[in-house]
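A short write-up of the structure that comes next.
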Amino acid sequence: MMKSLVVYYSRTGTTKSVGEAIARELGADCEEIIDLKKRIGLRPIRWIIAGKDAWRRKLTDIKIQKSPDDYDMIIIGTPIWAGRMTPAARTYLESQKLDGKKVGFFCTGSGSKAFEEMKKLVPKSSVIGSLGIRPREVKSGSYGEKVKSFVESLAS
């Protein structure tokens, strides 16, 4: 049986909700990527700085517990900031050796461009799917069917 890991970065809990739902549906282990940069301060300023870091493709210091080496399939999730993946997700993709792994992506926000960039960061992996969910779908709880369809597509 294929051993799977769902790993995600979530600042507000939206991406965490989706990641945990995917892990439950998949029967996978689950882990949150911890960004060691404190992204605090007044809301508009914090958003601008975080968006600028994402836009500039900055890396950050992260903390993870589970090694992707122990898994056959890794599903990576991120919110979208300024049209890009977060620095924490970028750092994970650039720092972890995912060669030969089956890899899937999910994001909260509109992230079709982010998926293209994520694929480029894992050139020796087999990308098996991607899922975009809007934050309002998470808030309303209406994303369950999308998660089920995504997980089913990973198995095929």
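The values are calculated or read from the model by the stated rules, or taken from the named source; none is laboratory data. What you see is a predicted model, and the numbers here were worked out from it, not measured in a lab. Every residue, glycine as well, gets a Cβ built from its backbone with ideal geometry; the counts of neighbours run over all protein chains shown.
Of the residues making up segment 1-19, just one is among the small types (Gly, Ala, Ser), assigned to a loop (DSSP other than H, G, I, E, B) and in contact with a Gly (Cβ under 8 Å, 6 or more places away or on another chain), namely Ser10.
May I ask you to verify whether Gln96 is touching a residue at least 24 places away in the same chain (Cβ under 8 Å) and in contact with an Asp or Glu (Cβ under 8 Å, 6 or more places away or on another chain)? Judged against the criteria, Gln96 is not a match.
Does segment 66-96 hold any residues that are of a type outside the set (Ser, Thr, Tyr) and touching a Pro at 6+ places or on another chain (Cβ under 7 Å), and which are they? Walk me through how you get there before you give the answer.
Applying the first criterion (of a type outside the set (Ser, Thr, Tyr)) to segment 66-96 yields 66, 68-70, 72-77, 79-85, 87-90, 93-94, 96.
Once the filter is applied, which keeps residues that are of a type outside the set (Ser, Thr, Tyr) and touching a Pro at 6+ places or on another chain (Cβ under 7 Å), segment 66-96 yields Ile74, Gln96.
The selection criterion, being more than 30 Å from Ser142 (Cβ to Cβ), of a type in the set (A, V, I, L, M, F, W, C) and surrounded by fewer than 15 Cβ atoms within 10 Å (Cβ to Cβ), holds for Ile45. Taking the conditions (1) at negative phi; (2) modelled with pLDDT under 95; (3) surrounded by fewer than 18 Cβ atoms within 10 Å (Cβ to Cβ) in turn, Gly83 satisfies each one other than (1). If you go through segment 111-136 and keep only what is more than 22 Å from Ala54 (Cα to Cα), surrounded by fewer than 18 Cβ atoms within 10 Å (Cβ to Cβ) and not aliphatic (A, V, I, L, M), you end up with Lys124, Ser126. Within segment 137-148, the set of residues being free of Cβ contacts under 8 Å to residues at least 24 places away in the same chain and surrounded by 12 or more Cβ atoms within 10 Å (Cβ to Cβ) comprises Glu137, Ser142, Lys146. Does Ala54 satisfy the criteria of being over 19 Å from Val127 (Cβ atoms), free of Cβ contacts under 8 Å to residues at least 60 places away in the same chain and crowded, with 18+ Cβ neighbours inside 10 Å? Yes. None of Ala88, Ala155 is among the small types (Gly, Ala, Ser) and surrounded by 13 or more Cβ atoms within 10 Å (Cβ to Cβ) except Ala88. Which ones in segment 20-73 are part of a helix (DSSP H, G or I) and either closer than 30 Å to Ser156 by Cβ or acidic (Asp, Glu) (or both)? Matches in segment 20-73: Glu20, Ala21, Ile22, Ala23, Arg24, Glu25, Leu26, Asp53, Pro68, Asp69, Asp70. Residues of segment 57-80 that are crowded, with 19+ Cβ neighbours inside 10 Å and closer than 22 Å to Glu25 by Cα: Pro68, Tyr71, Met73, Ile74, Ile75, Ile76, Gly77, Thr78, Pro79. Restricting segment 93-110 to residues that are outside any strand (DSSP E or B) and polar (S, T, N, Q), which is surrounded by the most Cβ atoms within 10 Å (Cβ to Cβ)? Within segment 93-110, the match that is surrounded by the most Cβ atoms within 10 Å (Cβ to Cβ) is Gln96.
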